[in-house]
Amino acid sequence: MAIDVTLSVVLPAYMEEENLRQLLPRLKNVISGIDSSGEIIVIDTLAPMDNTREVCELYGARYVNRRGGNFFGDAVRTGIAEAHGEFVVFMDADGSHPPEFISKLWNARNEADVVIASRYVAGGATDNSRVLVLMSLIVNLVYSVVLGLNCKDVSNSFKLYRTRMLKELCLRCNNFDIVEEILFKIKQTHGNLRIKELPFAFKKRMFGTTKRSLFAFIFSFVVTLVRLRFGK
């Protein structure tokens, strides 16, 4: 039986129990103010590594184990397959993306195909160090120019999409570069991709340690850029 849902919010999670205890109650309040039929989907590891399932049950989020592997890309692909909403928001589960900002993404949903919480438009900001901000700016500039993406913050995963556009895609990236792959492949499929960027202040994670390796981050982004630009 088809499920009538307007908005799906998907959170890839890798040992984020502490953060989810803080995020899910806030997120539930935000979703209830947007769409009573909205859904929250937490995509956990292949097998549970903490009490994320119990936290989801406590706050009414749908708990799903990622399929295919334990990479971030596997979580994103699983989330796309599981989303029932007409629109889907992807956000981090570490507290760097405040749930309250979803209302702004939602209000702009009819103005573009993709709405981005952008750190790099006027009014945007980030808590990261100067070195990380510089690296991020370079990555985003190179990706936007080389791949012809008309936006300044390509790499932030906090975005609202039209779900049908995501379900059409064949996504191959396993790491955080899948975020760029999504934008590029939507553009390939639909041609004139309408993107709207809203100024957003990125915060540091609340609890735990980052799962991103700096070396893997740089290597995967270079490889993906070459493959997307020159691959078939």
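FYI, it's all coordinate maths here, none of it is from the lab. Remember, it's a predicted structure, so these values are computed and weren't measured experimentally. Cβ sites come from the backbone with ideal geometry, for glycine too, and all protein chains shown count toward neighbours.
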### Query
Going by a ≥ b ≥ c, the root eigenvalues of the Cα gyration tensor, does region 33-137 fall in the rounded group (a/c under 1.5), the prolate group (a/b larger than b/c) or the oblate group?
oblate
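Take every DSSP beta bridge whose two residues both sit in the chain, then give the antiparallel share in percent to the nearest 5. Could you put the intermediate results ahead of the total?
Details: 7 of 28 bridges.
Within the chain, antiparallel bridges account for around 25 percent of the total.
What is the gain in length, in nm to one decimal, between Ile138 and Ser103 on full extension, counting 0.36 nm per residue of separation less the C-alpha to C-alpha distance? Present the calculation step by step, with values, prior to reporting the outcome.
On the way: separation 35, 0.36 × 35 = 12.60 nm, distance 2.92 nm.
Computed gain between Ile138 and Ser103 is 9.7 nm.
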### Task
Give me the angle, in degrees from 0 to 90, between the Cα long axis of helix 178-190 and the longest principal axis of the Cα atoms of the chain, rounded to the nearest 10.
70 degrees
### Message
Output the 0 to 90 degree angle, nearest 10, between the alpha-carbon long axis of helix 214-230 and the longest principal axis computed from the alpha carbons of the chain.
### Response
60 degrees
### Message
Taking only the Cα atoms of the chain, how large is their convex hull per residue, in Å³?
### Response
124 Å³
### Summary
Helix 72-82 sits off the longest principal axis of the Cα atoms of the chain, rounded to the nearest 10 on a 0 to 90 degree scale, by 60 degrees
#### Entry: 5 angstrom amide H check on Leu46, placed H, neighbours 5+ away
Arg66
### Message
Run the paramagnetic zone check for Val222: 7 angstrom along Cα to Cβ, then residues of region 139-182 with backbone nitrogen under 18 Å.
### Response
139-144, 146-147, 174-178
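Using Cα pairs under 8 angstrom and six or more residues apart, how large is the relative contact order of region 62-153, in percent? Mind showing how you got there, number by number?
Numbers: 35 pairs, mean separation 14.7, N = 92.
Once divided by the residue count of region 62-153, the mean separation gives 16 percent.
Multiply the residue separation of Ser37 and Arg130 by 0.36 nm, subtract the distance between their alpha-carbon atoms, and state the gained length in nm to one decimal.
On the way: separation 93, 0.36 × 93 = 33.48 nm, distance 4.12 nm.
Length gained between Ser37 and Arg130: 29.4 nm.
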### Query
Hey, what's the Kirkwood Rh for region 99-208 if you take every pair of different alpha carbons, in angstrom?
14.6 Å
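To the nearest 20 debye, what is the magnitude of the charge dipole of region 78-203 about its Cα centre, counting +1 on the Cβ of each Lys and Arg and -1 on the Cβ of each Asp and Glu?
Values: 15 positive and 14 negative charges, 58 e Å.
The calculated dipole for region 78-203 is roughly 280 debye.
Evaluate the relative contact order of the chain (contact order divided by residue number), counting alpha-carbon pairs under 8 angstrom at least 6 apart; express in whole percent. Let's see the in-between values first.
Working: 409 pairs, mean separation 55.5, N = 232.
Over the chain, the number comes to 24 percent.
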### Task
Would you list which aspartates and glutamates come within 14 Å of Lys152, measuring only between C-alpha atoms, while excluding same-chain residues fewer than 8 positions from it?
Glu180, Glu197
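Please state the shape class of region 74-115: rounded when a/c is under 1.5, otherwise prolate if a/b exceeds b/c and oblate if not, all from the C-alpha gyration tensor. Can you show the working numbers first?
On the way: a/c = 2.38, a/b = 1.16, b/c = 2.05.
Note, shape of region 74-115 comes out oblate.
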### Task
Could you point to the residue in Ile34, Asn150, Leu105 farthest towards the positive end of the chain's charge dipole, with +1 and -1 charges on the Cβ of Lys/Arg and Asp/Glu respectively?
Asn150
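Pulled fully out, how much extra length does the chain show between Arg164 and Phe230, if you take 0.36 nm times their separation in residues and subtract their Cα-Cα distance?
Working: separation 66, 0.36 × 66 = 23.76 nm, distance 2.61 nm.
21.2 nm is the gain from fully extending Arg164 to Phe230.
I need the calculated FRET efficiency for the pair Tyr59 and Leu171, taking r as the beta carbon distance and R₀ as 25 Å, to the nearest 0.05. Each step should come with its number before you reach the end.
Details: r = 29 Å, r/R0 = 1.14.
Plugging the Cβ-Cβ distance into 1/(1 + (r/R0)^6) gives 0.30.
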